[in-house]
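Below is one structure, written out as structure tokens; the observations come after it.
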Amino acid sequence: VVRVGVLGCGYWGSKHTRVLQGLPQVAEVSVIDASPERLALVRRDYPALRTFRSLDAAMDHVDAVVVATPPRSHAPLALELLEAGKHVLVEKPMATSVADAERMIAAAERAGRVLMVGHTFEFHSAVWRLKEAISSGELGDVYYVDTARLNLGLYQSDVNVLWDLAPHDISILNHILGSAPTAVQAWGARHAHAVLEDVAYLRLHYADVGVTTQVHVSWLDPCKVRRVTVVGSKRMAVYNDLAAEERIRIYDKGVSFAEAEAGPAMPMSYRYGGISSPYIALTEPLRLEDEHFVGCIVHGRRPATDGANGLAVVSVLEAAQRSLAEGRPIELAPIGPTSGVAA
Ligand SMILES: NC(=O)c1ccc[n+]([C@@H]2O[C@H](COP(=O)([O-])OP(=O)(O)OC[C@H]3O[C@@H](n4cnc5c(N)ncnc54)[C@H](O)[C@@H]3O)[C@@H](O)[C@H]2O)c1
């Protein structure tokens, strides 16, 4: 049994708190937040939980901590916790620089503690089904993947839309393609916000699987969209995370070209086949994620979304940020033990 702290109990930390206090292997949940108003809400909803205004005060009461504070504070807080011998689950993005993410990995190794990253979608059964549709050959050769994560808000004050929303899409893409991008190009703009980009597009090239993907993230869109489209030579799949049912639809659609004798080929036939929607048993991904964290601590295992998995996403974000600033594509070194931005 493990005593777990939730550091930062805002929108997302409060969900961790709800999930953790229901897990059988969690002996005690402590909530740590600088804001007395937030702590008052926690005590109202969960009178049995301990609450603390500072990490220092909570240190002796926790073996493991979920860091759910704004992104820029992730690295300093996680380093402090690892150095104090605590296991850490840090929310996405793991850190706001590759150097910080590497420091966190090194600190976890030195301390012999679990370092896990909150890439929630890697614990989502719809994402697993999408991965299976690709790896089983059901979709044929993957032509491209397109993702959209749009809404009006929620504007953040700590990081731009790229660092806020794209971690989800990059972690989904890395997971379903079983790879990591080798080149990144980004375009973004500030519209309603004075300093932070509120709209961004990324093009990620995965050279080893020969797939290029587009990612659109926005805080400034009239429609809420959470969609991943995988277009293959045999079939096309759409994962719509907002659909109550049929989160994944597989379209038996495609286009065939005849062998061209001369000149450019014209499409000879379009296939408009049926649409199927595989059954997906959904357990709350955050519950699976928090169970995995506690399980890794109890059994001494390395998490599926470990520090290297988090670093892979931060490397893409840092390269994308550089691409935004310099207006050119940025190459990434292939992922290895000393991965990072290469050029
Ligand atoms: N995995 C997911 O699907 C998912 C979803 C939403 C948010 N997140 C991540 O969760 C994190 C928090 O996001 P949020 O929307 O809940 O933010 P939020 O602003 O609602 O909450 C942050 C909380 O942290 C507290 N805080 C800040 N610094 C602190 C410190 N040094 N010590 C103690 N408390 C401190 C604040 O008082 C606040 O209550 C972010 O990293 C975000 O990217 C992840």
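Things to note:
- The set of residues in segment 1-14 that are near the ligand (Cβ under 10 Å from one of its atoms) and open to solvent by 60 Å² or more (accessible area, probe 1.4 Å) comprises Tyr11, Trp12.
- Qualifying residue in segment 188-206 (condition: closer than 22 Å to Glu138 by Cβ and surrounded by 15 or more Cβ atoms within 10 Å (Cβ to Cβ)): yes
Conditions tested, residue by residue: (1) without any contact (Cβ under 8 Å) to a residue 40 or more places away in the chain; (2) open to solvent by 20 Å² or more (accessible area, probe 1.4 Å); (3) of a type outside the set (D, E, K, R); (4) out of contact with any strand residue (DSSP E or B) (no Cβ under 8 Å at 6 or more places or on another chain).
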site	(1), (2), (3), (4)
Phe121	no, yes, yes, yes
Ile134	no, yes, yes, no
Glu138	no, yes, no, no
Ala148	no, no, yes, no
Asn151	no, yes, yes, no
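- Meets criteria (of a type in the set (D, E, K, R) and open to solvent by less than 60 Å² (accessible area, probe 1.4 Å)) for Asp33: yes
- The residues on offer are Arg249, Arg227, Arg301, and the sole one that is within 15 Å of the chain's Cα centre (by Cα), open to solvent by 70 Å² or more (accessible area, probe 1.4 Å) and among the basic types (Lys, Arg) is Arg227.
- Whenever a residue of segment 6-26 is under 12 Å from Val294 (Cβ atoms), its partners that are near the ligand (Cβ under 8 Å from one of its atoms), lying with C-beta atoms within less than 6 angstrom and at least six residues away or across chains, give the pairs His16/Ala68; Val19/Leu286.
- Test result for Tyr206, of a type in the set (Ser, Thr, Tyr) and under 17 Å from the mean Cα position of the chain (by Cα): no
- Residue satisfying all of: in segment 25-84; small (Gly, Ala, Ser), assigned to a loop (DSSP other than H, G, I, E, B) and over 18 Å from Leu115 (Cβ atoms); farthest from the ligand (Cβ to nearest atom) among these: Ala48
- Matching entry among Arg72, Arg113, Arg53, Arg44 (being touching a Lys or Arg at 6+ places or on another chain (Cβ under 7 Å) and either within 20 Å of Ala312 (Cα to Cα) or of a type outside the set (Phe, Trp, Tyr) (or both)): Arg113
The values are calculated or read from the model by the stated rules, or taken from the named source; none is laboratory data. This structure is a prediction, so every number in the text was calculated from the model and none was measured. Glycine also receives a Cβ, built like all others from the backbone with ideal geometry; neighbour counts cover every protein chain displayed. Quick note on the areas: whole protein, heavy atoms, side chains included, nothing else; ligands and nucleic acids left out. Shrake-Rupley method; radii C 1.70, N 1.55, O 1.52, S 1.80 Å.
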